[in-house]
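**Q** This is the structure I have questions about; it appears just below.
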Number of protein chains: 4
Amino acid sequence: MINVGFIGLGNMGLPMARNILRAGHKLTAYNRTRSRAEELVKDGANIVESPSDAAANAEIVISMLADDNAVKGVVWADRSNTGLLGSLAGNAVHVSMSTISIALSQQMSEAHKAKGQHYVSAPVFGRPEAAAAAKLWIVAAGEAEQVDRCQPVFDAMGQGVFRVGGEPSRANVVKVAGNFLIAAMLEAMGESFALVKKAGVDVTQFLEIINSLFRSPVYQSYGSLIATEKYTPAGFKLELGLKDVRLALEAAEATATPVPLASLIRDHLVSGIARGYGDLDWSALARVVADDAGISTGEERGV
Amino acid sequence: MINVGFIGLGNMGLPMARNILRAGHKLTAYNRTRSRAEELVKDGANIVESPSDAAANAEIVISMLADDNAVKGVVWADRSNTGLLGSLAGNAVHVSMSTISIALSQQMSEAHKAKGQHYVSAPVFGRPEAAAAAKLWIVAAGEAEQVDRCQPVFDAMGQGVFRVGGEPSRANVVKVAGNFLIAAMLEAMGESFALVKKAGVDVTQFLEIINSLFRSPVYQSYGSLIATEKYTPAGFKLELGLKDVRLALEAAEATATPVPLASLIRDHLVSGIARGYGDLDWSALARVVADDAGISTGEERGV
Amino acid sequence: MINVGFIGLGNMGLPMARNILRAGHKLTAYNRTRSRAEELVKDGANIVESPSDAAANAEIVISMLADDNAVKGVVWADRSNTGLLGSLAGNAVHVSMSTISIALSQQMSEAHKAKGQHYVSAPVFGRPEAAAAAKLWIVAAGEAEQVDRCQPVFDAMGQGVFRVGGEPSRANVVKVAGNFLIAAMLEAMGESFALVKKAGVDVTQFLEIINSLFRSPVYQSYGSLIATEKYTPAGFKLELGLKDVRLALEAAEATATPVPLASLIRDHLVSGIARGYGDLDWSALARVVADDAGISTGEERGV
Amino acid sequence: MINVGFIGLGNMGLPMARNILRAGHKLTAYNRTRSRAEELVKDGANIVESPSDAAANAEIVISMLADDNAVKGVVWADRSNTGLLGSLAGNAVHVSMSTISIALSQQMSEAHKAKGQHYVSAPVFGRPEAAAAAKLWIVAAGEAEQVDRCQPVFDAMGQGVFRVGGEPSRANVVKVAGNFLIAAMLEAMGESFALVKKAGVDVTQFLEIINSLFRSPVYQSYGSLIATEKYTPAGFKLELGLKDVRLALEAAEATATPVPLASLIRDHLVSGIARGYGDLDWSALARVVADDAGISTGEERGV
């Protein structure tokens, strides 16, 4: 039984925390909106008032938040003495599971080291359903000993862990590269659907053909959203998709890697924002493409 | 038992013709290089000297050739009286299984109709191994009655037939849209591999992660070629890949559909030609991307 | 005084032909729509009924038509004995001034040579106003002796001739490359205007700044069209602009030259067609960009 | 006579400061590398040891530095009491003439306001030669009264001032949009030069044709660099060009403006960095394009 602190109980964090409790670990949780944290009380969680309280007595503190700013907010905190960095025990480990920038991951790695604390980067692949089913894929990087220590907690949340080395930020690169691959699939689908649709082919049938070829559940599920133009409710908002593609572009620029397809997708997502699609599912990237081809139905268009 | 004519015994055509013979049909074959056709004699094929001879007594004549020019060459022929169009019986059907332009498909549809002949467009998805294993996916379009008539022959070659309507050229649109989706995957892989590689991540491990996410045999097989930079021997040459992307762009332009990702891929393939990669496998699209990131190993580079 | 045949009296051809007459040459003109040709009678032109009649007694026959198909139509003609190729005298020269493909230019060069006739390619830069003012820039390629022979006629129409060598199609490459540079300027203006406009900067003032920097009449005139969103009447239609960018892409692909900016422009022009802007001035490329940024005023939008 | 503080005596700042002195104003200068500042002593400048010393008694303090970080360094300073912000008099004005981000410009505007100080943003167009000749174009934004006050100093450095409103950051948007237009010209030239070169056309002659068309000194000077592949010494380094294009992309994303051409240029510049061209002149963007077309001569390639 491990004493786990958990910060961030959003669509992903809540089911992840619950699975840790179910696996028999002790869990102290903090969420900015406390009411949401209360849901975990019946699962046995101890709810606290600040990131520092969540970290105070933990061996492992997991952060699962929306973006760089949210993570910075809990690690360094705004007010004195409430940040994770200030209260984490010397030998404890902070496991950052959010999708954040390579730069922030490196910065946290150094900040924790300076305090004699440990840092593991462990972003995940999977939507909320996968989190609920403990079927996430976890990409972990950091000192082997520390990753070993986290393994039982990872096992409680995921179906597998990929260890990509000792430099924590590598896990973040893998995460943004993976999300970029999904975005690329959305763009390609958007364009090919527009192409066949304007030629008079039924897109549902085209999707069936694609599924026979690729035999991928990712193509199947996203393809279905695009074929039916079902962009609400958003499983993952277009504006968050833009954030992730931007992270990929930043990571690429930092190592002088041209990624023109990521640029193309970024431009379409920016146009999506301009057209009011920011709150739609990010598969609405295909709607931007359909608009450009003059065939968007316009239904569900952002207000 | 159907009397089948078969024109074009290349890497795809030869195993397809063999499977038709094995299914118990009669087959009269023509290939420009006769020696290659001889391979089919032991399977029971009758080898002839011209496209018109292959078509003369056939109910169904299949053409499976490299490109528009090759198809025009056998349909209209150069010399008098040797073309398919001139000798096909009034009620017989020409089944075009090559990857050709929408424009040529429409032109053939009209030419055959004018002669009282039938025309079915039925391009396939699958590499030579799939053709040998009778595991092709066939996308067929044309008059329902004629497609019905071809069904036993299709069954001999493929694992499934998708019927996409009465207008033959629609099948060609589906084919080029499908190939574009594969090309898009290659581009996305090339970029993401370059991104993670420059960040110090092992690409083989990254591929393993991708495979866990997408669970697609197409990602797996092409991903493996790219991760190991194994671009020879070419399963499908880069210059043919460029031809197919060009067909997608033409089909898109004909219906005023912007397909910027297809444009991006086209530019990378053109650059591949300029760099001498035309004869490598088209997954060498990823090498163009790696070159641009300054990390190409340069091995296997075109001579 | 030279005996000139002139085929094609459109917005460009009519003033060009008139300037040849004014310079004292003899001119026999053919236009598909005869009524338009009649305008030249008062200038001294002889109007005829077919391309072959225009070519019959001419030393120099100029063709100035919309596109490849129109040029093919007059050179080879549909009906027997009415084409330029059939009636041009052995030592006479066909001067193709239309914006056509490199491939067609090469084809005509060979066809004329086979007949013992001469061929000079001489496309022009300049809008109808420049043609009226005899201020065109002419890019000529072909045998030096033949270009010399045409010089007096070129002098009657333009302010200067650039000779780019003996291979006629080179002049066509220069023409499409030049038009591509203008299209690139339109795209760049469209994007920069959208950028400053959304930041609250007055575009008219921004244009003034650009003009101070670039000091180019081309930036000034097109910039003014874009700043005022005055896309009708079209000086040069967007659909013709798409044709020219396509010619640049074809020329580039023939020599394995990636031109990604040309691809980007092509996709925006295709989207312009899809949005109904085909008949607007091609500077409406900037409207496509503005649409994508969500700031198009929508005025003057194609019906 | 105005009492001017001047921070940053680089290739641009030094001649700008000298022209202020020549116009009869008093000037107190600070440069990180003091030896360089000494050059101004003979022109009558007073050289000091910190940004705060340069600001202490000035009515107007001009900063002209390389990038955001350099500007932050002098405004907020690292060590206590040495920053501009701390020593600028209540009614004095900080004139930021560097090419910086919209975000930093807004941040400085607020910081100065909070201190009761004034802030004017006034980036410039022009290369070092233009700075030396007092021929810069200055784009100024800020409170009208403060811009009025700076006018005599602007007159000493430039040939004209464009006032783009009261919100200081607008001047920065105009600056990055203008630089983007130049970058777009470089990309377009690179592509068109590659296109004509591979078709056998002499690029020097092609440039002559372009100059006849555009009649722009900017096309002429950059075109000449590209035609002769003279990328050293760098007038403006490729890596700084990448910085500026990134600023344009950031400004565009902040207002949801897709700028795909800026993205394309960014990718080519990133590839330029990967190929070792970071220290060449940014017109070497054309070399990236030439490499992709397989025709780069490879001379002058970065070490």
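The values are calculated or read from the model by the stated rules, or taken from the named source; none is laboratory data. Please read all numbers here as calculations on a predicted model, not as lab measurements. Cβ placement follows ideal geometry from the backbone for every residue including glycine, while neighbour counts extend to all protein chains displayed. We work out accessible area using only protein heavy atoms, side chains counted, and drop any ligands, DNA or RNA first. Shrake-Rupley method; radii C 1.70, N 1.55, O 1.52, S 1.80 Å.
**Q** How far, in whole Å, is the nearest Cβ of chain D from the axis relating it by rotation to chain C, and which residue carries it?
**A** D:Ser216, 2
**Q** For the stretch A:1-105, just the Cα set please: Rg and Dmax, both in angstrom.
**A** 12.4, 38
**Q** Residues of the stretch C:233-264 losing 30 Å² or more of accessible area relative to the isolated chain, 1.4 Å probe, heavy atoms only?
**A** The answer is C:Glu253, C:Thr255, C:Ala256, C:Thr257, C:Pro258, C:Val259, C:Pro260, C:Leu261, C:Ser263, C:Leu264 - residues whose exposure falls by at least 30 Å² when every protein chain is included.
**Q** Quick one: pull the percent of accessible area on chain C belonging to carbon and sulfur, 1.4 Å probe, ligands and nucleic acids left out.
**A** On chain C, the fraction of accessible area on carbon and sulfur atoms equals 49 percent.
**Q** Further question on the same structure: When only the heavy atoms of the protein chains count and the probe is 1.4 Å, how do D:Met1, A:Met97 rank by accessible area, highest first?
**A** D:Met1, A:Met97
**Q** So how far, in whole Å, is the C-alpha centre of the stretch D:3-20 from the one of the stretch C:202-231?
**A** 31
**Q** Would you mind estimating how fast the stretch D:132-215 diffuses translationally, via Stokes-Einstein at 10 °C and 1.306 mPa s with the Kirkwood radius over Cα pairs, in µm²/s?
**A** Once the numbers are plugged in, D ends up at 102 µm²/s.
**Q** Considering all alpha-carbon pairs of the stretch D:231-303, what whole percent are spaced by more than 18 angstrom?
**A** 38
**Q** On to the next question. To the nearest whole percent, what portion of all C-alpha pairs in the stretch A:165-206 is separated by more than 15 angstrom?
**A** 57
**Q** Viscosity 1.306 mPa s, temperature 10 °C: give me the Stokes-Einstein translational D for the stretch D:151-296 in µm²/s, with Rh taken as the Kirkwood radius over C-alpha pairs.
**A** In µm²/s, the coefficient is 97.
**Q** Within a Cβ distance under 15 Å of B:Gly24, other residues only, what is the Lys/Arg minus Asp/Glu net charge?
**A** So the surrounding residues net to 0.
**Q** Oh, and also: For the stretch B:73-162, take the convex hull of the Cα atoms, compute a quarter of its surface area, and give me that in nm², please.
**A** Result: a mean projected hull area of 6.1 nm².
**Q** What gaps in nm, shortest first, separate C:Arg34 from its twins in the other copies when you place the label 7 Å past Cα toward the beta carbon?
**A** Here C:Arg34 shows inter-copy label distances of 5.8, 9.3, 9.5 nm.
**Q** Mind checking the per residue accessible area of the protein assembly as shown for me, 1.4 Å probe, whole number of Å²?
**A** 35
**Q** Quick one: of the DSSP bridges fully inside the stretch D:49-207, what percent are antiparallel, nearest 5?
**A** Rounded to the nearest five, the antiparallel share is 20 percent.
**Q** Could you list, bin by bin from short to long, the percent of Cα-Cα pairs of chain D in 20 Å steps?
**A** P(r) over chain D, rounded to whole percents: 33, 53, 14, 0.
**Q** Right, here's the next one. In percent, how large is the relative contact order of the stretch A:26-90, given Cα pairs closer than 8 Å and 6 or more residues apart?
**A** 31
**Q** Counting helices only, and only those DSSP H runs with n ≥ 4, report the 222 nm mean residue ellipticity of chain D as the sum of -39,500 (n - 2.57) divided by its residues, in deg cm²/dmol to the nearest 500.
**A** Rounded to the nearest 500, it is -16000 deg cm²/dmol.
**Q** Report Rg(Cα)/(2.2 N^0.38 Å) for the stretch B:115-155, keeping two decimals.
**A** 1.29
**Q** Provide the percentage of antiparallel DSSP beta bridges, counting only those with both residues in the protein assembly as shown; round to the nearest 5.
**A** 15
**Q** Between D:Pro152 and the same site in the other copies, what are the distances in nm, shortest first, taking label points 7 Å from Cα along the C-beta direction?
**A** Listed shortest first, these distances are 6.8, 7.8, 10.2 nm.
**Q** Here's another thing I want to ask about it. Among the DSSP beta bridges whose two residues both lie in chain A, what percent are antiparallel, rounded to the nearest 5?
**A** 15
**Q** I've got another one for you. I need the per residue convex hull volume for the protein assembly as shown, using only the alpha carbons, in cubic angstrom as a whole number.
**A** For the protein assembly as shown, the hull spanned by Cα atoms encloses 193 Å³ per residue.
**Q** Percent relative contact order of chain A, based on C-alpha pairs within less than 8 angstrom and at least six residues apart?
**A** 13
**Q** Enter the buried accessible area of the B/A pair, total of both sides, probe 1.4 Å, in Å² rounded to the nearest 100.
**A** Rounded to the nearest hundred, the buried surface is 4800 Å².
**Q** Quick check for me: using +1 on Lys/Arg Cβ and -1 on Asp/Glu Cβ, what's the dipole size of chain D about its Cα centre, in debye to the nearest 20?
**A** Dipole about the Cα centre, nearest 20: 400 debye.
**Q** Can you pull the semi-axes for the stretch A:58-122, root of five times each eigenvalue of the Cα gyration tensor, sorted largest first, whole Å?
**A** 16, 14, 11
**Q** To continue, here is another question. To the nearest 20 debye, what charge dipole does the stretch B:18-122 have about its Cα centre, counting +1 at the Cβ of each Lys and Arg and -1 at the Cβ of each Asp and Glu?
**A** Roughly 140 debye, rounded to the nearest 20.
**Q** Moving on to the next point. Compute, for A:Phe236, the solvent-accessible surface of its heavy atoms (probe 1.4 Å) with the complete set of protein chains present, and express it in square angstrom to the nearest 10.
**A** 50
**Q** Still on this structure, I have one more. Give the Cα extents of the stretch A:182-241 along the principal axes, in whole Å, largest first.
**A** That works out to 32, 24, 19 Å along the principal axes.
**Q** Now, a different point. Just to confirm a number: summing +1 for Lys and Arg and -1 for Asp and Glu over residues other than C:Gly90 whose beta-carbon lies under 13 angstrom from that of C:Gly90, what do you get?
**A** Once positives and negatives cancel, what remains is +1.
**Q** Could you work out, residue by residue across B:172-180, how many beta carbons of other chains sit within 10 Å of that residue's beta carbon, and then give the average as an integer?
**A** 6
**Q** Please average, across the residues of C:182-190, the number of beta carbons from any other chain that are within 10 Å of each residue's own beta carbon, and give a whole number.
**A** Average per residue, whole number: 5.
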